[in-house]
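The values are calculated or read from the model by the stated rules, or taken from the named source; none is laboratory data. As the structure is a computational prediction, the values presented were derived from the model and not from experiment. A quick note on method: Cβ atoms are made from the backbone with ideal geometry, for glycine too, and the neighbour counts reach across all protein chains shown. Side chains included, ligands, DNA and RNA excluded: accessible areas come from the protein's heavy atoms. Shrake-Rupley method; radii C 1.70, N 1.55, O 1.52, S 1.80 Å.
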Amino acid sequence: MASPPVRTTADLSAYPDLVVIYLGMRVEEPRGVETLQTLGPQIEATVAEKPDGLLLHERLMYGDDPPHVGMRQYWRDFESLLAWTLTLPHKQWWTDYLRDRGGTSFWHETYFRRGGFESIYVDVEPAVGMALFAPMQRATGPMFGARERVAADRSAAV
């Protein structure tokens, strides 16, 4: 007779402000493969430096035709995540990416333990994630930055 399954759950009481972010980059042109091959080791090196607030980093494969890779990260809180995005090398990666996407598209979706969602999609066609079922709008004005998108989502949910 098989033993009964052992069910467990994560006790997140030490992480009241936990944030989970999924990120993805999909090859849209042949040169996008080189972009992935260049960024991958750079991202792994940054993770190895253990940024303040990053609890866990996991690599993901969303698809292989076309190549679509990403990661899931768990952050202690949104402030830690935002602070990291303003440091090098992330700040430079994002600036460079918006100038030349290197044959790829990029997206991220952020989920907050205390409630709320935030997302950005850059040239992601066909759509992924929440963009498959929710209406899209331009990320300009009050929707330009992640902090503003979170605030807008939380007030819309009230």
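For region 84-102, indicate whether the set of residues that are among the charged types (D, E, K, R), surrounded by 14 or more Cβ atoms within 10 Å (Cβ to Cβ), touching a Phe, Trp or Tyr at 6+ places or on another chain (Cβ under 8 Å) and in a loop (DSSP other than H, G, I, E, B) is non-empty. No, region 84-102 has no match at all.
For region 52-66: of the residues being surrounded by 17 or more Cβ atoms within 10 Å (Cβ to Cβ) and in contact (Cβ under 8 Å) with a residue 24 or more places away in the chain, which is nearest to the chain's Cα centre (by Cα)? Of everything passing the filter in region 52-66, Leu54 is nearest to the chain's Cα centre (by Cα). Of all the residues in region 124-135, those that are under 21 Å from Tyr97 (Cα atoms), aliphatic (A, V, I, L, M) and not in a helix (DSSP H, G or I) number 3.
Filter region 9-51 for residues that are assigned to a strand (DSSP E or B) and within 14 Å of the chain's Cα centre (by Cα); which is nearest to Glu79 (Cα to Cα)?
Start the filter on region 9-51 by keeping residues that are assigned to a strand (DSSP E or B), which leaves 19-27.
Then keep just the ones that are within 14 Å of the chain's Cα centre (by Cα); that gives 19-26.
Numbers: Val19: 10, Val20: 13, Ile21: 13, Tyr22: 17, Leu23: 18, Gly24: 21, Met25: 24, Arg26: 27 Å.
Looking at the filtered set, the residue picked out is Val19.
Of all residues in region 67-83, those satisfying the criterion of being assigned to a helix (DSSP H, G or I) and either touching a strand residue (DSSP E or B) at 6+ places or on another chain (Cβ under 8 Å) or open to solvent by 60 Å² or more (accessible area, probe 1.4 Å) (or both) are Phe78, Glu79, Ser80, Leu81.
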